[in-house]
Each structure stands twice: as structure tokens, then as C-alpha cells.
Amino acid sequence: MKKFIFVSGGVCSSLGKGVAASSIGALLEGRGLNVRMVKCDPYINVDAGTMSPYQHGEVYVTDDGAETDLDLGNYARFTSAPITKANSVTTGQVYDSVIKKERAGNYLGRCVQVIPHITDEIKARIMAVSQEDPDTDVVITEIGGTVGDIESIPFLEAARQMINEHGRKNVLSVHLTLIPEVGNSELKTKPTQHSVKAMQEQGIQPDILICRAPVILDEPTKRKISTFCNLDTDSVFTSYNVNTTVYEIPLIFYQQKLDQVILAKLGVESRHANLKPWKTVMEKFNNRQGKVKIGMVGKYMELTDSYKSVFEALFHAGLENSVEVEVVKIDSAKLEENADTILGKNGENVDGILVPGGFGQRGIDGMVAAADWARRNKLPYFGICLGMQIMVIDWARNVIGWKDANSSEFTEEAEHLVISLLQDQIDVKNYGGTMRLGKWDAVTLPGSHIAEAYKAKQISERHRHRYEFSNQYRKDMEDSGLKLTATTPDGSLVECCEWDTEGKTGHPWGLGVQFHPEFKSKPTQAAPLFRDFIKAVVESRK
Ligand code: GLN
């Protein structure tokens, strides 16, 4: 029998439910179980693709081109569970398919309702994930939102039905709450009691509580919570504030025997726990020496969540290069006039520049100024997606001298549209799910930075963009010294540009890619280009 764990949250949002669910996944994998992860998002958008990063944070992209919630990125960083379209379930998708079935007459004249039709659809999707691979042992499903929200009710009801249908030995409810500190460091359990009551009103008695608290809860507090919330005394855990890294959380849960209790409750016989990957991550974390400063020049810099995977990948790259990476957030709009004052006339304020992905015209000239600055000061530059397009625009404007050079995303007027739409994108009318999305192969040029990073001729990375390097300018670009070091296998699309290490650019490490390598970076293995970017930054500082 397959096992299911539902992770819900109460009291308030942003308690780290995604990290808690991922850490449980990591611990169960450490016990040799085959884990799958699902995120249920209560919003009505079909996917996260059409939401602004200000509203929603990063859009995490899977190999098969799903545009999902950033929690799926957490699952991918903490576990080895494959993440595809099937692992992201939204209210929008669920209603979309139920309504399509209704229009097709599949409900044979019945009245179509939230219970059973919507809840059946939710359960069917979770079951489908459990059945994809016969070896799957556990499916961990995180329910977005907070108990008490109107939108999450159908998802909690689906969980309740699954507990009822498969039994408590097979379906477990893990509930995350907040224990706030009031006045003189007094920890308050009342919000947690209310949150568990709200779960009980949905018909679910949580089996395990994970309490987010400033410090680890003492035994009397845990006993009080377990008595009031109707829980076994060994079933209250603390996710206390760490001043290290989220990657310590699996170890923190392990010390409290969370995985042991989960296995016992699910009736899975206990097996040896392998925590080596997480211990190694923490060793690397503690062995870091010195710090490098990366100027990240983007549009959504107020919110670190907008570039979640980029921040994580930089952190992973720091672990691999034994150095702390400090990200200096630079609002690109402010760079337009005074790149030198902000970045330092000779590179004294930052050690390297990263321009991440983005959409829309605002701040573009500031990003071009940052690329120009990194090229002239010979400081490492890493451009991701929009960041590669910026590198091409900078080259055309400031090396070739086409002052009007631009991307057709920002203007149709310029003569030199060095980044533009392909014909098949020009005809696209809908915004949702219509970009170049998901996994594409690329072929690298021997001897280039990119080939050296991946140590491979053929690579595969994920995309999320509409605009492309304009092929009619390939010759001008190459003749003037820009190196085009990776393309799609048929040669039709440019995937990577580099500044020459010799000749007139003589630049140590300047590279832009049309894809998003950050999505596949893990704390246990940094994405190759991030690793080499930070390596180049460390070396250029010497
Ligand atoms: N806006 C650009 C495009 O659509 C870049 C997208 C991105 O950086 N993800 O091509």
C-alpha cells in the first residue's frame, strides 16, 4: 500500500510549509523510501505563468514546461523526486478539467458539485502521481494557503476523504503552525490550538504538529500542546528559527526524530537513516572562508522570492567554492545614469554582475549599463535569459556601435533588433503557457566556458522566454568578436554568448545563456555555470 502525507498550514502564511514538506521528503529519502511531491495551490489561475513576480514570487519551470509555484523548486532542491506538470495542482486546473468533462457530457446528466466532483478530481490527481512509478512509496502533498481560507476547503476535504478511504495508517496529516513570542519571551500556544480546531472543523485531526517558534519548545509546552490539540505526546515538533541555512532543517527535524515518528505512524518498518548529503552541505557551509559580492541587477529586486532559484543557486555555488556569496541587490532603473557610482568606478563595490531573467521594458538600459560596466572593468558577468539578451544588446550598442540596437520586446522602431520574435511566436495570441518552455537540448562549442562548465558537448536546460537572438545578426556579432558558444542541436537558435578571453575583449568570464540553469541547481550539486561564475569571481578578486 502506498502512503500519503498531507502538509497543511495554520495561523498565518510564510511559516516555511514548503521547506517543511521538502525536509520531510529529504528525511524519508534518507530512509530509503521512494518519495513523490505534490503542491496543491488554491488559486484560480491555471498555472503561475501569468502571475506577476510581485504577486507570486518566482515561476518555477519543470522539464516538461510547467510553470509552477516556487515551492516545487524547494522540492527539487531537497529531494530527488521528479517534478513535472503532474506535481502541481491548482484550483484553476481542477475546475478547468471538471468543466471540460461537464461540457463533454461525461457526468451523464448529474448535477456537478464541489463534493464529489471537484474533490474526486483532486484525489485522482494525487493518486495519479502515486501510480506513475510502481516503486513510489510515499506521496507528500502540500496544501497551499492557511486552514480557514475559503479556497483551500476543497483540498482539505479531499485529504479528509483520503484519510477516511485509506485509513490513518496510510494517510497522515502534518500541520504547521506558529508559536508566537509575546512580551517577555513568553511562548503562546493558543493560536496553535485554534488552528488545530480549524482543522478538526474540516474533519481532520492532525497526526503531527510542526510548530514554527523562535526556539525549540520545551517538554511542558509540547505536553500542553499535545493535550489541548488531541495529539500523541511524541508528535509535537519545532521548526525553530535557524541563523544558518534552510538546508539545516532536515537535520533539525531528524534530531527531534520526526522521520522516526512518521514511519511508526505509517507502519513502515524503521530502516537506517542516511543523512550524509545534508551533513556534507552543513560542513561546506561552515567551511566557507571570505565573501564575494555579486551585484544582481534586476527589476523585481525588492522581493527575494522573485528570483528564488537564482539566489539558491548562488548559495550552492558558494558552498562549492568555499566562499560566502553576498548578493547586492541593484534596481536596474537606478543604474541608467550612474553605473560607475553605484557599481564602483573600478569595480570596488561588487566582484561580479548577474543579470537574471525578466520581462518588460523598465530598467533595461540600466541592465545594459551593467553589462557594459562588467565588460569594460573585466569583472565576471553572468546573464540569464533576459541577461543574455542584454549582453547582446550591449555588444551591438557599445562594441559594434549600433546605438539604436534593441529587442523587439521593447521597441519595434529600431533598425537593429538584435533580439526578436520567431515567426511562430508572432502568431501567438494567448499569454498563458505559450513561451518557449521547458527542457531543450543545446550543443556547446569545444573550448568555451560553457563546454568547460558542463564538461559535455550536449546539454539540456529549461527555458521560459519568447524572444530569441536574431539570426540575421550572427555574422556581424561573430565578426566583431562576440562568441556564440552554444546553439540548439539543429543550429537554429543561439543558446549561449561569451566574451572572448583573448583579443580585444580579453575578459576573464562573461557569459549569457538563453535558458535558466538555476532551476536544476541543488545544495548537494551546484549548477555548473553558477559554480564556474563564482569560481571566476573568486579568481578575479585575487
Ligand atoms: N523577456 C524575455 C523573453 O521573453 C526574457 C524572458 C526571461 O528572462 N525569462 O524572451
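The values are calculated or read from the model by the stated rules, or taken from the named source; none is laboratory data. Please read all numbers here as calculations on a predicted model, not as lab measurements. No Cβ is skipped: glycine too gets one built from the backbone with ideal geometry, and neighbour counts run over all protein chains shown. Accessible surface is based on the protein model in full, side chains and every heavy atom, while ligands, DNA and RNA are left aside. Shrake-Rupley method; radii C 1.70, N 1.55, O 1.52, S 1.80 Å.
Numerical summary
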| item | result |
| --- | --- |
| Counting all C-alpha pairs of the stretch 232-329, share separated by more than 24 Å (%) | 41 percent |
| Net charge, T304 excluded, C-beta distance under 11 Å - Lys, Arg +1, Asp, Glu -1 | -2 |
| Cα gyration tensor of the stretch 427-533 - equivalent ellipsoid semi-axes, whole Å, descending | 23, 20, 11 |
| Per residue, in Å², the accessible surface of the stretch 1-108 once ligands and nucleic acids are set aside, probe 1.4 Å | 33 Å² |
| Cα-centred dipole magnitude for the stretch 445-542, charges only on beta-carbon of K, R (+1) and D, E (-1), debye, nearest 20 | 440 debye |
| Net +/- balance of residues flanking G32 in space, Cβ distance below 14 Å, scoring K and R +1, D and E -1 | -1 |
| Rg(Cα) / (2.2 N^0.38 Å) computed for the stretch 73-154, rounded to two decimals | 1.25 |
| Cα-centred dipole magnitude for the chain, charges only on beta-carbon of K, R (+1) and D, E (-1), debye, nearest 20 | 1420 debye |
| Accessible area in the full protein assembly, largest first, 1.4 Å probe, for V537, V246 | V246, V537 |
| P(r) histogram, all alpha-carbon pairs of the stretch 335-379 included - 10 Å bins from 0, percent | 29, 56, 15 |
| Percent accessible area from carbon and sulfur atoms, the chain, protein chains only, probe 1.4 Å | 49 percent |
| The stretch 1-152: proportion of alpha-carbon pairs further apart than 19 angstrom, % | 54 percent |
| Cα-based Kirkwood hydrodynamic radius, the stretch 131-262, one decimal, Å | 15.9 Å |
| Helix-only mean residue ellipticity at 222 nm for the chain, each DSSP H run of n ≥ 4 adding -39500 (n - 2.57), per residue, nearest 500 | -10500 deg cm²/dmol |
| Cβ-based charge dipole, the stretch 16-149, positive-most Cα from I83, L70, I122 | I122 |
| Rg(Cα) / (2.2 N^0.38 Å) computed for the stretch 141-194, rounded to two decimals | 1.46 |
| Distance between the stretch 10-86 and the stretch 381-408 - C-alpha centres, whole angstrom | 34 Å |
| Accessible-area ranking of D490, D137, largest first, probe 1.4 Å | D490, D137 |
| DSSP-defined antiparallel bridges as percent of all bridges, the stretch 169-246, nearest 5 | 15 percent |
| Alpha-carbon gyration tensor eigenvalues x 5, square-rooted, for the stretch 112-206, Å | 29, 16, 11 |
| Area accessible to solvent at K535, 1.4 Å probe radius, in Å² | 90 Å² |
| Charged-residue dipole, Cβ positions (Lys, Arg, Asp, Glu), the stretch 70-157 about Cα centre, Debye nearest 20 | 360 debye |
| Among I163, I153, I179 - extreme Cα towards positive end, dipole of the stretch 150-189, charges at beta-carbon | I163 |
| Histogram of C-alpha separations across the stretch 176-249, 10 Å bin width, % | 20, 52, 25, 3 |
| Calculated diffusion of the stretch 268-425, Stokes-Einstein form, Kirkwood radius summed over Cα pairs, 37 °C and 0.692 mPa s, µm²/s | 190 µm²/s |
| Binned Cα-Cα distances of the chain, short to long, each 10 Å bin given as a whole percent | 4, 18, 26, 23, 17, 10, 3, 0 |
| Heavy atoms of W440: accessible area, 1.4 Å probe, square angstrom to 10 | 100 Å² |
| Sum of side-chain charges, P517 neighbourhood, beta-carbon under 9 Å (Lys, Arg +1; Asp, Glu -1) | 0 |
| Among G447, G363, I393 - extreme Cα towards positive end, dipole of the stretch 336-462, charges at beta-carbon | G447 |
